[in-house]
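Peer 1: My questions will all concern the structure given below.
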Amino acid sequence: MNAVLADAGAPERARPGEAVEIAPGVHWVGALDPALRTFDIILRTANGTTYNAYLVRGTEGVAIIDTVKAEFADEFFARLEAVARYDEIRVIVLNHLEPDHSGALPELMRRAPQARLYISTRATSMLKALLKPSEDEPSFEYQTVGTGDEVSLGDRTLRFLHTPYLHWPDTQCTYVVEEAVLFSGDVFGCHHCDSRLFNDRCGDFRFAFDDYYAHIMRPFKTHVMDALRLIEPLPLKMVAPTHGPILRDRPRRYLTRYRELSSPRFTEGLGEAQEAHKTLLIFYLSSYGNTARMAEAIRDGAEETAGVRVSLYDLAGGALQPFVDLIESADALALGSPTINGDAVKPIWDLLSSLAVIDLKGKLGAAFGSYGWTGEAVRMIEERMRGLKLRVPVVGLRIKLIPTDAELEDCRAFGRALGAAMTGANAGQTLEFADLV
Ligand code: FEO
């Protein structure tokens, strides 16, 4: 059997066919994917990624924690076979069933049919979809577990933590009690491939760590905080995620970073009065100034509502990312677009597409715009907002070409209606704009 002992003084490096011992009786048996440049279509990976899987040996058997992407199964099995026989495996834990971690699971089940699989309750439907049991391939025994449940391997104990939505509903963490090692799944992971494996040996991966959080965990900040409340009280010698470096040097720094990244940022510096206000952000684009005039009038109307602070931005003059940060901490979002060739204009769609990385639950949305012929843009924006889980309490406002004084008053009324919905005066209703003028 080939294993490399990874004490801090050794020149350790993951080599083909070798497992790397990361703690007494605990081995890394994952795979390296240094050539990957785009993960899941959306996430760039300048240094590739790793699919980290682990093996825990106790006096009464072996556990495998997570597997690897299917294309890397041979690499995983070679490392596993370097430190264990398949008939020793009693326990398989899948902390998360996305294919980059469950790809080698069906084959592992075939090779270790005596092992029992442990997954979260929410993972059950995904497991069935993944394995698609048939007459040729009978279904595998599995057991669902939650926070505090334990499995004993004799002198090693696996304890489970229910940490859903990080970043799928099924996600959990597994803690080796005697070694104070947390197998955290995607949490605290990053796409950074370095065969030196450990955070104190790898190149600088801080950018990759923050970038991974921003794309994968950011929409689930409240769930991150819930998970931190479970993880922070644990004694921790090491955090072993499923991607990127194993965090053995001062692992709590990474918990602190997650807490920082998940905490509100934009109320600071705006004063106590701002924190007490509801915030409405109005973004617009305008070809001939008509949608801009609507935006200004809506702002004026919304500002009449006590407790509402309104900000107005021309999308033609700003970069998207700062706007996404602002929207994350706002209560309501109004988008104004002219209709050009039967559609809203591209910067509106770009902004809406960028919102997938933040949690929009509980925020309000509204749409408005001037149009020449057909005016589809407003309805299209509203539909997209609903798709993003924004509540759209006031039916969108469309004005043909140049707004008259009466129509600008309509815009102010639209702003007042939106302000009322934000402060709770019309909560739970969808207001027909015609009823408000
Ligand atoms: Fe690394 Fe969500 O899978």
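Peer 1: In the set Thr50, Thr67, which member is modelled with pLDDT of 95 or more, among the polar types (S, T, N, Q) and closer than 17 Å to Arg110 by Cβ? Show your work before the answer.
Peer 2: Details: Thr50 fails: closer than 17 Å to Arg110 by Cβ.
It is Thr67.
Peer 1: Are there any pairs, at least 6 apart or on different chains, whose C-beta atoms fall under 8 Å, with the first in the stretch 356-380 and in a loop (DSSP other than H, G, I, E, B) and the second open to solvent by 70 Å² or more (accessible area, probe 1.4 Å) and among the hydroxyl-bearing types (Ser, Thr, Tyr), and if so, which?
Peer 2: Final answer for the pair search is Asp359/Thr222.
Peer 1: Would you confirm whether any residue within the stretch 144-158 is open to solvent by less than 40 Å² (accessible area, probe 1.4 Å) and out of contact with any strand residue (DSSP E or B) (no Cβ under 6 Å at 6 or more places or on another chain)?
Peer 2: No, there is no match, as no residue in the stretch 144-158 is open to solvent by less than 40 Å² (accessible area, probe 1.4 Å) and out of contact with any strand residue (DSSP E or B) (no Cβ under 6 Å at 6 or more places or on another chain).
Peer 1: Can you name the condition, by its number, that Ala129 falls short on among (1) at pLDDT below 95; (2) surrounded by 22 or more Cβ atoms within 10 Å (Cβ to Cβ)?
Peer 2: All conditions pass for Ala129, except number (2).
Peer 1: Filter the stretch 381-420 down to the residues that are free of Cβ contacts under 8 Å to residues at least 60 places away in the same chain and basic (Lys, Arg) and list them by number.
Peer 2: Arg384, Arg386, Lys389, Arg391, Arg398, Lys400
Peer 1: I'd like to check something: does the stretch 338-348 contain any residue that is closer than 17 Å to Gly415 by Cα, touching a Gly at 6+ places or on another chain (Cβ under 7 Å) and either modelled with pLDDT under 95 or open to solvent by less than 30 Å² (accessible area, probe 1.4 Å) (or both)? Step through it out loud before you land on a result.
Peer 2: At the first step, the residues of the stretch 338-348 found to be closer than 17 Å to Gly415 by Cα are none.
So far as the stretch 338-348 goes, no, none of its residues is closer than 17 Å to Gly415 by Cα, touching a Gly at 6+ places or on another chain (Cβ under 7 Å) and either modelled with pLDDT under 95 or open to solvent by less than 30 Å² (accessible area, probe 1.4 Å) (or both).
Peer 1: Does Ala420 satisfy being buried (at least 17 other Cβ atoms within 10 Å of the Cβ), modelled with pLDDT of 95 or more and farther than 30 Å from Met217 by Cβ?
Peer 2: yes
Peer 1: For the stretch 161-178, check the following and say yes or no: at least one residue is more than 28 Å from Pro219 (Cα to Cα) and without any contact (Cβ under 8 Å) to a residue 12 or more places away in the chain.
Peer 2: There is no residue in the stretch 161-178 that is more than 28 Å from Pro219 (Cα to Cα) and without any contact (Cβ under 8 Å) to a residue 12 or more places away in the chain.
Peer 1: Another question about this same structure. Can you pull out every residue in the stretch 164-184 that is open to solvent by 20 Å² or more (accessible area, probe 1.4 Å) and either within 16 Å of the ligand (Cβ to nearest atom) or part of a strand (DSSP E or B) (or both)?
Peer 2: The answer is Pro164, Tyr165, His167, Trp168, Pro169.
Peer 1: Name the single residue, out of those in the stretch 192-250 being touching a residue at least 60 places away in the same chain (Cβ under 8 Å) and in contact with a His (Cβ under 7 Å, 6 or more places away or on another chain), that is most open to solvent (accessible area, probe 1.4 Å).
Peer 2: Within the stretch 192-250, the match that is most open to solvent (accessible area, probe 1.4 Å) is Phe220.
Peer 1: Ok, one more. Every residue in the stretch 185-215 that is modelled with pLDDT of 95 or more, within 12 Å of the ligand (Cβ to nearest atom) and more than 20 Å from Ile231 (Cα to Cα), please.
Peer 2: Result: His191, single match.
Conditions (1) under 24 Å from Arg111 (Cα atoms); (2) outside the structural domain of Asp200 (by TED's automatic domain parsing); (3) in contact with a strand residue (DSSP E or B) (Cβ under 6 Å, 6 or more places away or on another chain), marked per residue:
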{"site": "Arg15", "(1), (2), (3)": "yes, no, no"}
{"site": "Glu18", "(1), (2), (3)": "yes, no, yes"}
{"site": "Glu21", "(1), (2), (3)": "yes, no, yes"}
{"site": "Val26", "(1), (2), (3)": "yes, no, yes"}
{"site": "Thr45", "(1), (2), (3)": "no, no, yes"}
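The values are calculated or read from the model by the stated rules, or taken from the named source; none is laboratory data. Computed from a predicted model, the values in this text were never measured in an experiment. Heads up, the Cβs are rebuilt from the backbone with ideal geometry, glycines too, and the neighbour counts pull from every protein chain shown. The protein model used for the area step is the full one, side chains on, heavy atoms only, and it has no ligands, DNA or RNA in it. Shrake-Rupley method; radii C 1.70, N 1.55, O 1.52, S 1.80 Å.
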